[in-house]
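Notes to accompany the following structure.
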Amino acid sequence: MVDRLDPIFSPNSVAVIGASRQKGKVGYAILHNLIVNEYQGTIYPVNPNAESVHSIKAYPSVLEIPGPVDLAVICVPADAAMKAAEECAKKGVKGLVVITAGFREIGGAGEERERTLRELVRTNGMTMVGPNCMGVINTHPDVQLDATFAPTPPLRGNISFMSQSGALGVAILDHARNLNIGFAKFVSLGNKADVSGNDLLMSWENDPDTHIILMYLENFGNPRNFARIARRLSKKKPLIAVKSGRTEAGGRATVSHTGALGGSDIAAEAVFAQTGVIRANSIDELFDYAMSFSKLKPPKGKRIAVVTDAGGPAIMCTDALIQQELELATLKPKTIESMRKWAPPEASLTNPVDLIASAGPEDYRRALDAVLADDNADAAIVIYVPPIVTAEVDVARAIWETAEKYDKPVLCNFMGRSEDSPGFVELVQHGIPSYLYPESAARTLAAMYRYHEYLNRREGAFPEFKVDKKAATRIVETAKQHGRKRLTEAEALELLHAYGFATAKTRFVKDAEEADQAAREIGYPLVLKAVGKDLLHKTEQKAVAIDLRDEKDLRDELAKMEKRLQKAGVSVDGYLVQEYVAGGKETILGMNRDKVFGPLLAFGLGGVYVEYLKDVAFGLAPITDEDARRMIRSIKTYPLLAGVRGEKPSDVAALEDGLLRLSQLVHDFEEIKEIDLNPVIALETGCKVVDARIVL
């Protein structure tokens, strides 16, 4: 067995420990599923109180089974499960699926029980899925393994699915069958004590049966490994994920479910964006995407043609397409003229093509043929509102027969028709995804186009800058030795300078005389800032004075600031005299170390407006040069940096360089918890850090 998951997915023999004669018991359902789905290996029920189960000879213990056992499915209570696992180790069983709950998710004794189980598994070279899971499925004809307690047998297909929720897994298998979606493999991971989602991704990366991977995730075991694997795997096959725990309350529920932290949703979103993982916002969306990705190639462009027999749904579809950043295709004049020859005079033949309510199968056939033949259209959405139910299958047949002739994706929306309607069945059985609403089709097509863009984008490189790491280490260690969790602003700027950031010339001073000396060294115009532990938002506290032109300005402002802060009861450690960086655009570069994902980088327009605009892009360090480029260009206010209304553009390349240097810095110093560089002035040439806050 070359893959450590082979004993789980391709066992020659399976023991069901806790096999039961009683309907409604998990041990009954698992043995029943193995038999009715025609598992191709040998089945051994284990039950000390029965001679046979399901007419198959039973054994009191796995140790008394005469032949070798590749996989044991354990579904006895937690205490008995531990003894069963020990016996499996003695027997030489290589794979375990532990259905039983009562481990880490209950805390206390459960955590200790899971730790002991994991050590037993790893010491004896076993592979384990679970505990607290629903089981595993492999539909390959040579195996036909359904070791779950799900009531709905899966269809065979090219999708492999992993779920951290067993109950959700049951519902997913049931709904997938209604949609005619088949699976290659299915795994309910449970607590992930041994086999993780990353293990499954590596196993499925080169699995010829797996063309698409679906994931329901509550947490990431090792987010950095996930990012590394997913970045590579997404280039080979689509990864589509639902990540729950978006809210703080959802995060708490995640911990109580599997006993593991989920991390922030912003960090998860950043990981998905960097690695090409397609995020679905609900189980419904997951199925929407799965249906199309499993049947069609992604569109090569974002110009979409819409063919309909009703105006209202076409308008809804158009709005959804534009909202999803796709475009309505501009059909060529010859395409429109070709349709005018046969279409009724009331029909609207510019995109959307509205054939009016009297449209029949031949109208749809000719209209779809015309728009797919048009080079200006990259894909089509066909909307049908059935006026006569008997024509539904004929229209569906006209659509799939026409779509077969072209290498362009076609998605359908048969309004008001459910998954068991004749038209829906006709379409999905012939490779055409069909949706209940036009918005679902538009959203799915947009996800497919984003995946096409990911496949064709440059992978990027992780640059390594020459930096003065010794000087940076000295600054960090000095702060730690003095018991400080926050660098002074002067230290922060010095640390950034060591990593190649251009920083505004700055001097720390205690009084007016020192300020005069600093001013002579730096040169006017200047900025004056008060510094102290209570001064977090200097602008709001009136602790900043800018564009000071001479010695009188400097002394006057220092005296006023000192008096003002003293009156407000704000303690001051001293002042910074700083070069005044005029012009440019204020941006922010930042980092917050997520408790699960690690260093999360941020970029946006800066200054006093950042908290109100909330127009910020995120990325998980380390980032590539392409990640940095995309982060900066993804903010809504990017046109301000690119130059609008005759303004000269800012040096975006310098901002990219800054993000990459920040990525290297936070990767090198794990003790840095937060960084807030606000503002970083983006100039026509270069950029300069003016204000820096670094927390250890």
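The values are calculated or read from the model by the stated rules, or taken from the named source; none is laboratory data. Note that the coordinates shown come from a computational prediction; the quantities given were computed from them, not determined experimentally. When we count neighbours, we look across all protein chains shown, and the Cβ atoms used for this are built from the backbone with ideal geometry, even at glycine.
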Positions within segment 115-148 being of a type in the set (A, V, I, L, M, F, W, C) and either surrounded by fewer than 24 Cβ atoms within 10 Å (Cβ to Cβ) or under 21 Å from Pro208 (Cβ atoms) (or both), in sequence order: Leu120, Val121, Met126, Val136, Ile137, Val143, Leu145
Pick from segment 468-493, criterion touching a helix residue (DSSP H, G or I) at 6+ places or on another chain (Cβ under 6 Å) and either hydrophobic (A, V, I, L, M, F, W, C) or buried (at least 17 other Cβ atoms within 10 Å of the Cβ) (or both), ranking: farthest from Lys673 (Cα to Cα): Ala471
Those residues of segment 668-689 that are out of contact with any Gly (no Cβ under 8 Å at 6 or more places or on another chain) and small (Gly, Ala, Ser) come to a total of 1
Given the options Ser650, Ser634, name the one that is hydroxyl-bearing (Ser, Thr, Tyr) and more than 17 Å from Ile681 (Cβ to Cβ). Ser634
Selection from segment 182-229 of residues charged (D, E, K, R) and assigned to a loop (DSSP other than H, G, I, E, B) yields Lys192, Asp194, Asp207, Asp209, Glu218
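Conditions (1) in contact (Cβ under 8 Å) with a residue 24 or more places away in the chain; (2) more than 24 Å from Ala379 (Cα to Cα), marked per residue:
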{"residue": "Leu436", "(1), (2)": "no, no"}
{"residue": "Thr444", "(1), (2)": "yes, no"}
{"residue": "Tyr449", "(1), (2)": "yes, no"}
{"residue": "His452", "(1), (2)": "yes, no"}
{"residue": "Glu459", "(1), (2)": "yes, yes"}
{"residue": "Val467", "(1), (2)": "yes, yes"}
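One line per residue, one yes/no per condition, for (1) at pLDDT below 90; (2) hydrophobic (A, V, I, L, M, F, W, C); (3) under 27 Å from Pro525 (Cα atoms):
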{"position": "Ser571", "(1), (2), (3)": "yes, no, yes"}
{"position": "Val596", "(1), (2), (3)": "yes, yes, no"}
{"position": "Leu605", "(1), (2), (3)": "yes, yes, yes"}
{"position": "Tyr612", "(1), (2), (3)": "yes, no, no"}
{"position": "Met631", "(1), (2), (3)": "no, yes, no"}
{"position": "Thr637", "(1), (2), (3)": "yes, no, no"}
{"position": "Leu641", "(1), (2), (3)": "no, yes, yes"}
Taking segment 400-437 and the residues there that are among the hydroxyl-bearing types (Ser, Thr, Tyr) and not in a strand (DSSP E or B), the one that is surrounded by the fewest Cβ atoms within 10 Å (Cβ to Cβ) would be Ser418
For segment 360-368, indicate whether the set of residues that are within 20 Å of Ala441 (Cα to Cα), within 38 Å of the chain's Cα centre (by Cα) and in a loop (DSSP other than H, G, I, E, B) is non-empty. no
Determine the pairs where a residue that is farther than 20 Å from Phe287 by Cβ and in the same structural domain as Ala442 (by TED's automatic domain parsing), located within segment 398-422, has a partner that is in a strand (DSSP E or B) and of a type outside the set (S, T, N, Q) with Cβ atoms under 6 Å apart, the partner being 6 or more residues away or on another chain. Ile399/Val382; Ala403/Val410; Lys408/Ala379
Within segment 160-178, how many residues are farther than 22 Å from Gly110 by Cα and either part of a helix (DSSP H, G or I) or out of contact with any helix residue (DSSP H, G or I) (no Cβ under 6 Å at 6 or more places or on another chain) (or both)? 12
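Let me confirm something: among Ile381, Ile356, Ile322, Ile304, which residue is out of contact with any helix residue (DSSP H, G or I) (no Cβ under 8 Å at 6 or more places or on another chain) and not in a loop (DSSP other than H, G, I, E, B)? Give the steps one after another, and end with the answer.
Working: Ile381 fails: out of contact with any helix residue (DSSP H, G or I) (no Cβ under 8 Å at 6 or more places or on another chain); Ile356 fails: not in a loop (DSSP other than H, G, I, E, B); Ile304 fails: out of contact with any helix residue (DSSP H, G or I) (no Cβ under 8 Å at 6 or more places or on another chain).
Of Ile381, Ile356, Ile322, Ile304, the one residue that is out of contact with any helix residue (DSSP H, G or I) (no Cβ under 8 Å at 6 or more places or on another chain) and not in a loop (DSSP other than H, G, I, E, B) is Ile322.
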What residue, among those in segment 665-687 that are out of contact with any helix residue (DSSP H, G or I) (no Cβ under 8 Å at 6 or more places or on another chain) and farther than 10 Å from Glu586 by Cα, is surrounded by the fewest Cβ atoms within 10 Å (Cβ to Cβ)? Glu670
Which numbered condition in (1) within 25 Å of Phe220 (Cβ to Cβ); (2) touching an Asp or Glu at 6+ places or on another chain (Cβ under 8 Å) is the only one that Thr685 fails? (1)
Would you confirm, using the coordinates I've provided, whether Val76 is assigned to a loop (DSSP other than H, G, I, E, B), modelled with pLDDT of 95 or more and closer than 13 Å to Ser20 by Cα? yes
If you take the residues of segment 462-503 that are part of a helix (DSSP H, G or I) and among the basic types (Lys, Arg), which of them is farthest from Leu659 (Cα to Cα)? Lys480
In this structure, is Ala343 part of a helix (DSSP H, G or I) and buried (at least 19 other Cβ atoms within 10 Å of the Cβ)? no
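Counting only residues that are hydrophobic (A, V, I, L, M, F, W, C) and in a loop (DSSP other than H, G, I, E, B), how many does segment 438-461 have? Reasoning before the result, please.
So in segment 438-461, the residues hydrophobic (A, V, I, L, M, F, W, C) come out as 441-442, 445-448, 455, 461.
Cutting the leftovers down to in a loop (DSSP other than H, G, I, E, B) gives us 461.
So the count comes out to 1.
Here's the yes/no breakdown for (1) farther than 29 Å from Lys510 by Cβ; (2) aliphatic (A, V, I, L, M); (3) out of contact with any His (no Cβ under 8 Å at 6 or more places or on another chain); (4) not assigned by TED's automatic domain parsing to the domain that holds Glu514:
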{"position": "Glu557", "(1), (2), (3), (4)": "no, no, yes, no"}
{"position": "Gln566", "(1), (2), (3), (4)": "no, no, yes, no"}
{"position": "Gly569", "(1), (2), (3), (4)": "no, no, yes, no"}
{"position": "Asp573", "(1), (2), (3), (4)": "no, no, yes, no"}
{"position": "Met591", "(1), (2), (3), (4)": "yes, yes, yes, yes"}
{"position": "Gly604", "(1), (2), (3), (4)": "yes, no, yes, yes"}
{"position": "Phe618", "(1), (2), (3), (4)": "yes, no, yes, yes"}
{"position": "Arg629", "(1), (2), (3), (4)": "yes, no, yes, yes"}
